[in-house]
Amino acid sequence: MSARALPVIEHCWRVIGVQGDRSCPELTEHIHCRNCPVFSAAGQRLYDRPPPEGYTDEWTERIAAAEDRDGAKSMPVILFRVSAEWLALDVKLAVEVSPIKTVRRVPHQTDDLLAGLVNIRGELQPAISLSVLLGIDVQAEKPGAAVHRRLLVAERNNARWVFLVDEVDDVFHFSPNDLGALPGTVATGSLLYTRGIFRKDDRAIGYLDPDRIFAALKRQFR
């Protein structure tokens, strides 16, 4: 007898199935009720049933409210330091953080922006000196400051870049409401590539503009 030919029993798995007296003849073939098409069909009917009145509208409002709340309170970024400046990049652009590795200079390359090529998981990737790109004064770092150099691998539009940084802190969530405006007189240096400033503890952190950062790299190495 096939499962389809069996008489319909409400919640049969609880009556004659594994949760009942196990008298169902289909258990010989299917071993467990979860493998039986009758059980699967009952589950599908549960999903296919119409929702209660107002259910869809209620959850639409809940999800929209959650998106608004998260958008207002949670911008995930990875924090890192270049010389004396703390910066933040959208975490979705960060592929990985790697310990410092050998960076091999490119022959006849005179542009300091390209520090060289570095092996990341078997592939050679361009290693970018962020201090050069952002115009950060490497002499500004406080004497005796701890240095934990890392490689921050970032990717956008299928192009991957390796940023040389002096320290990586952590992933941090900040609110766009906490993003301060840039000084109107700023036209050069790291703030040229920054959307705004926010604070974490006693640090002022520049939130990098990925559009400007990656556009500049694309222009330089097209």
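Taking 0.36 nm per residue of sequence separation and subtracting the Cα-Cα distance, how much length would be gained by fully extending the chain between residue 32 and residue 219, in nm to one decimal? Working shown, then result.
Values: separation 187, 0.36 × 187 = 67.32 nm, distance 6.21 nm.
That works out to 61.1 nm of additional length.
Could you work out how far apart the two model spin labels at residue 157 and residue 90 are, taking each label as a point 7 Å from the Cα in the direction of the beta carbon, and quote it in nm?
1.3
With a Förster radius of 30 Å, plug the Cβ-Cβ distance of residue 124 and residue 203 into 1/(1 + (r/R0)^6) and report the FRET value to the nearest 0.05. Each step should come with its number before you reach the end.
Values: r = 34 Å, r/R0 = 1.13.
Working from the Cβ atoms, E equals 0.35.
According to a simple spin-label model (label point 7 Å from Cα along Cα-to-Cβ), what is the distance in nm between residue 102 and residue 15?
Distance between label points: 7.5 nm.
Would you mind putting 83-94, 22-33 in packing order, based on average other-beta-carbon counts within 10 Å, highest first?
Order by mean packing, descending: 83-94, 22-33.
Quick one: dipole size for the range 76-220, taken about the Cα centre, charges +1 on Lys/Arg Cβ and -1 on Asp/Glu Cβ, in debye to the nearest 20. Before the final figure, lay out the partial values.
Values: 18 positive and 18 negative charges, 80 e Å.
For this selection, approximately 380 debye.
Bear in mind that the values in this text are calculations on the coordinates, not laboratory data. All values derive from a computational prediction rather than experimental measurement. Counting neighbours? That spans all protein chains shown, and the Cβs are built from the backbone with ideal geometry, glycine included.
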